[in-house]
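Encoded as structure tokens, the structure appears first; notes follow it.
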Amino acid sequence: MSEQFTRTELLYGKESTEIFNRSRVAVFGIGGVGGYTAEALARCGIGTLDLIDSDKVVESNLNRQIIALHSTIGMYKVDAAKQRIHDINPNCTVNTYKTFYLPETADEFDFTQYDYVVDAIDTVTGKIGLITQAKNCGTPIISAMGAGNKLDPSRFEVADIYSTSVCPLAKVMRKELRVRGIESLKVVYSKEVPLTPLPSAETDPSSSRRQTPGSTPFTPSVAGLIIASEVINDIFKKNIE
């Protein structure tokens, strides 16, 4: 194991850091939450990362996404993340998929290959597909609930989906997962009541599209780092039992 992981080894032990190096984690959604998750996993020594996102970096990402720099505008987010990860750990294997995950694209991914799956996407249909596919394969998954329109990073917590409250996305997910017989799901969510974003140039009052959510550097980053810590700690616990 490279010297760069010695501080991690002091807490988890040499054997566990070697297990991290042999682990493969898929991160679906490389935005405000998923970008921080992917980078933290790389810094912990996860040996293989699969990054899935079809979007490119745009200027409005600069206020909150760790992969967003003026030098990366126009790049696919997965390519920008891969570049950063290889600058952190050149030995990390990074597989990129410029794919928008939906039930129609689910067959592109074999979840039995993964030690853990991170759901950091923001469409309900995609989230339900990810969760169902992971549960069917017996692969651990953690899901991010809503981080947009919130200001207080201290309000985030880890819970089972059926113990959540306040979060509008979590409410929808509870209903949909109950219908599908999903009995449990680890999530990161906040009880902070989301704010109503102010009107902006991006908002067309005549449009039926939902209003663009507001965000800061604080909330998505904290949610992403909590997710990464849960992934690392679960892999650690599994291998010391």
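Each reported figure results from applying straightforward, stated rules to the coordinates on display, with no laboratory input. As the structure is a prediction and not an experimental result, all values here were calculated from the model. Glycine gets a Cβ as well: all are built from the backbone with ideal geometry, and neighbour counts include every protein chain shown.
How about the stretch 111-185: which trypsin sites (Lys or Arg not before Pro) there lie in a loop by DSSP and see at most 13 other Cβ atoms within 10 Å?
Working: sites: Lys127, Lys135, Lys150, Arg155, Lys171, Arg174, Lys175, Arg178, Arg180; in loops: Lys150, Arg180.
The qualifying sites are Arg180.
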Counting DSSP beta bridges with both partners in the stretch 34-154, what percentage is antiparallel, nearest 5? 10 percent
Structure-based [θ]222 nm, the chain - -39500 (n - 2.57) summed over DSSP H runs of at least 4, per residue, nearest 500: -12000 deg cm²/dmol
Selection from Gly32, Leu185, Phe20, by position along the positive dipole direction of the chain (Cβ): Leu185
Reachable lysines from Lys14, criterion Cα separation under 20 angstrom, eight or more residues apart if same chain: Lys237, Lys238
Dipole in debye (nearest 20) - the stretch 3-240, about Cα centre, beta carbon charges: Lys, Arg +1; Asp, Glu -1: 480 debye
Antiparallel bridge percentage (DSSP; both residues within the chain; nearest 5): 25 percent
Considering only C-alpha atoms, what is the centroid distance from the stretch 1-75 to the stretch 168-190, in Å? 26 Å
Formal net charge of residues neighbouring Ile121 (Cβ-Cβ distance under 10 Å; K, R +1; D, E -1): -2
